[in-house]
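Working notes, beginning with the structure itself.
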Amino acid sequence: MSNIGSESILIESKAQQLQILENTSMYKQGLFEMANYQPKDSGLGLPYAICFDEIGNRRKHTHSEPRVKILMSNDDLIPVLISVKPKILLKGVQLSKANRILKGKNIEIMFKFISNNHELILKHWHGKITTMELLLGLK
C-alpha cells in the first residue's frame, strides 16, 4: 500500500519542470487509480471527461488541495480545485497552456458541474463514499 499514488508525484513534477501539461501518455500505472467519467455517461452535455481520484487524499503528492482532473481531447490533464468556486490548479506557463485549451463555454460547463457536485466529490476524495456512490450521485 505504500506505493499508492507514487507515480503521480513524479509525473506532476516532471510536467512542471518541463512547463508542459500533464498528459495521459506520461502514466504507466497511476492513471488506473482514477475513475474516468465520460461525457456520454453524464447525460449532462459535459464537453470533456473528468477523472476522479480513487485514492484521493491518500495519494502521495506535493499539494494538499482536493482536485479532479479534466481530460482534454488531446489527452492533457488539467487539475481543478474541488470547490463551490473551482479553479485551475496550475501556475505560470502551465496555467497559460491550460487556459488556451480550456476556455469559453466549455470551462463554464465544467466548473458549474464541479461546483454543483463539490460536496459529493469531496466525500469521495476523502474516502467517505465509494466511486460507485459518487458516480450514481452526480447531477
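The values are calculated or read from the model by the stated rules, or taken from the named source; none is laboratory data. For clarity, every value in this text was computed on a predicted model and none was experimentally measured. Counting neighbours? That spans all protein chains shown, and the Cβs are built from the backbone with ideal geometry, glycine included.
Values computed for the structure shown
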| item | result |
| --- | --- |
| Where Leu44 falls short, out of the listed (1) part of a loop (DSSP other than H, G, I, E, B); (2) at pLDDT 85 or above; (3) out of contact with any strand residue (DSSP E or B) (no Cβ under 7 Å at 6 or more places or on another chain); (4) surrounded by fewer than 15 Cβ atoms within 10 Å (Cβ to Cβ) | (2) |
| Those residues of the stretch 88-114 which are in contact with a Leu (Cβ under 7 Å, 6 or more places away or on another chain) and either under 18 Å from Ile20 (Cα atoms) or acidic (Asp, Glu) (or both), in sequence order | Ile88, Leu89, Gln94, Lys97, Ala98 |
| Qualifying residue in the stretch 121-133 (condition: modelled with pLDDT of 95 or more, part of a helix (DSSP H, G or I) and among the hydroxyl-bearing types (Ser, Thr, Tyr)) | no |
| For Thr131: the one exception among (1) touching a residue at least 12 places away in the same chain (Cβ under 8 Å); (2) surrounded by 15 or more Cβ atoms within 10 Å (Cβ to Cβ); (3) among the β-branched types (Val, Ile, Thr) | (2) |
